[in-house]
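Engineer: The structure that follows is given in the form of structure tokens.
The values are calculated or read from the model by the stated rules, or taken from the named source; none is laboratory data. On a predicted model such as this, the values are computed, not experimentally measured, just so you know. As a convention, Cβ positions derive from the backbone with ideal geometry for all residues, glycine included, and neighbour counts pool all protein chains shown.
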Amino acid sequence: MAQILSIHPVDPQKRLVDLVARQLREGAVVAMPTDSSYALTCHLGDVEAIRRIRRIRDMDESQPFTLLCRDLSELGNYARVDNRVFRLLKANTPGPYVFILEGTHDLPRRILHPKRRTIGLRVPQHRVVQAILEALGEPLLSTSLILPGEEEPLPDAETVSERIGKLIDVIVDTGETCRELTTVVDLTGETPRIVRVGAGDPTPFLVE
């Protein structure tokens, strides 16, 4: 059964944050709240953890993951962006957005969109997630915690434990969470294209 770790949403306990980071490095699948909904996360290079998440979500190979990043400093390692796109990213991060970008050749093929070679990138505005990313020192792979056949993400740590506690390793509990999904913006074209409207304000990306 998954271990539930109660972490303070404003002043995260370093001991617990470091524990989550260590377990992620060792192959754990972790459910954690973000500034939108709960997400399933794992280490970027852990093939088995990625397979476990795909089984839980019933994701096929055409459904790519999102990279959770602390900030834009590591962007060049994972995505190709020009100055125009970088300015848009800088003006709208951190926040509840997923940005679809062209992936670099350094990214494993298994986490890219199989036809478009794109990756979703997200810089969350959530103190606990930011602390975990800081302790880990690298991005995490993530996907919204929506179970097969359902449209709403799981709302809280207790529900996550009841529904999939036997399938994952750690559940981060920070109290109240948001149930709204991210706003998804495709930045691979000449102009931004809004793929999904969610918690993030789409106004900065609307083209008249």
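Engineer: Condition (residue is touching a residue at least 12 places away in the same chain (Cβ under 8 Å), part of a loop (DSSP other than H, G, I, E, B) and among the polar types (S, T, N, Q)) applied to the stretch 70-88: is it met by at least one residue?
Structural biologist: Checked against the condition, which is being touching a residue at least 12 places away in the same chain (Cβ under 8 Å), part of a loop (DSSP other than H, G, I, E, B) and among the polar types (S, T, N, Q), the stretch 70-88 yields no hits at all.
Engineer: Only one of 176, 152, 134 is in contact with a Lys or Arg (Cβ under 7 Å, 6 or more places away or on another chain) and modelled with pLDDT under 95; which?
Structural biologist: 152
Engineer: Hey, can you tell me all the residues within the stretch 134-170 that are under 17 Å from residue 96 (Cα atoms) and of a type in the set (D, E, K, R)?
Structural biologist: Residue satisfying the conditions is 152 alone.
Engineer: Only one of (1) on the phi < 0 side of the Ramachandran plot; (2) in contact with a Pro (Cβ under 7 Å, 6 or more places away or on another chain) is not met by residue 77, so which one is it?
Structural biologist: Residue 77 satisfies every listed condition except (2).
Engineer: When you go through (1) touching a residue at least 24 places away in the same chain (Cβ under 8 Å); (2) assigned to a loop (DSSP other than H, G, I, E, B) one by one for residue 191, which number turns out not to apply?
Structural biologist: Residue 191 satisfies all of (1) touching a residue at least 24 places away in the same chain (Cβ under 8 Å); (2) assigned to a loop (DSSP other than H, G, I, E, B) except (1).
Engineer: Across the stretch 1-42, which residue is nearest to residue 197 (Cα to Cα) among those that are under 11 Å from the mean Cα position of the chain (by Cα) and part of a loop (DSSP other than H, G, I, E, B)?
Structural biologist: Across the stretch 1-42, the extreme among qualifying residues is 36.
Engineer: When the stretch 155-173 is examined, which residues are found to be crowded, with 18+ Cβ neighbours inside 10 Å and assigned to a helix (DSSP H, G or I)?
Structural biologist: Matches in the stretch 155-173: 157, 160, 161, 164.
Engineer: Conditions: (1) touching an Asp or Glu at 6+ places or on another chain (Cβ under 9 Å); (2) under 21 Å from residue 94 (Cβ atoms); (3) assigned to a loop (DSSP other than H, G, I, E, B). Residue 149 meets all but one. Number of the miss?
Structural biologist: The one condition residue 149 does not meet is (2).
Engineer: Hey, among 63, 3, which residue is over 18 Å from residue 135 (Cα atoms) and at pLDDT below 95?
Structural biologist: Working: 3 fails: at pLDDT below 95.
Every option except 63 fails the conditions.
Engineer: Output the number of the condition that residue 45 fails; it satisfies all remaining conditions of (1) of a type outside the set (D, E, K, R); (2) assigned to a loop (DSSP other than H, G, I, E, B); (3) surrounded by 22 or more Cβ atoms within 10 Å (Cβ to Cβ).
Structural biologist: Here residue 45 clears every test but (3).
Engineer: Show the residue pairs meeting these rules: Cβ distance below 6 Å; 6+ apart or different chains; first residue within the stretch 163-188 and closer than 25 Å to residue 89 by Cβ and of a type in the set (Asp, Glu); second residue at pLDDT below 95 and in a loop (DSSP other than H, G, I, E, B).
Structural biologist: 180/36; 180/198; 180/199
Engineer: Need pairs with beta-carbon distance below 6 Å; first residue in contact (Cβ under 8 Å) with a residue 12 or more places away in the chain and within the stretch 19-35, second among the basic types (Lys, Arg) and surrounded by 17 or more Cβ atoms within 10 Å (Cβ to Cβ); sequence gap 6+ or separate chains.
Structural biologist: Here the result reads 29/52, each pair linking the stretch 19-35 to a residue that is among the basic types (Lys, Arg) and surrounded by 17 or more Cβ atoms within 10 Å (Cβ to Cβ).
Engineer: Here's a follow-up. Hey, can you tell me all the residues within the stretch 174-186 that are surrounded by 20 or more Cβ atoms within 10 Å (Cβ to Cβ) and within 16 Å of residue 7 (Cβ to Cβ)?
Structural biologist: Of everything in the stretch 174-186, those that are surrounded by 20 or more Cβ atoms within 10 Å (Cβ to Cβ) and within 16 Å of residue 7 (Cβ to Cβ) turn out to be 174, 177.
Engineer: Please state which one of 76, 103 is surrounded by 17 or more Cβ atoms within 10 Å (Cβ to Cβ) and either of a type outside the set (D, E, K, R) or at pLDDT 90 or above (or both).
Structural biologist: Of the residues listed, the single one that is surrounded by 17 or more Cβ atoms within 10 Å (Cβ to Cβ) and either of a type outside the set (D, E, K, R) or at pLDDT 90 or above (or both) is 103.
Engineer: Quick check on my filter: what residues within the stretch 139-156 are more than 18 Å from residue 172 (Cβ to Cβ) and acidic (Asp, Glu)?
Structural biologist: 150, 151, 152
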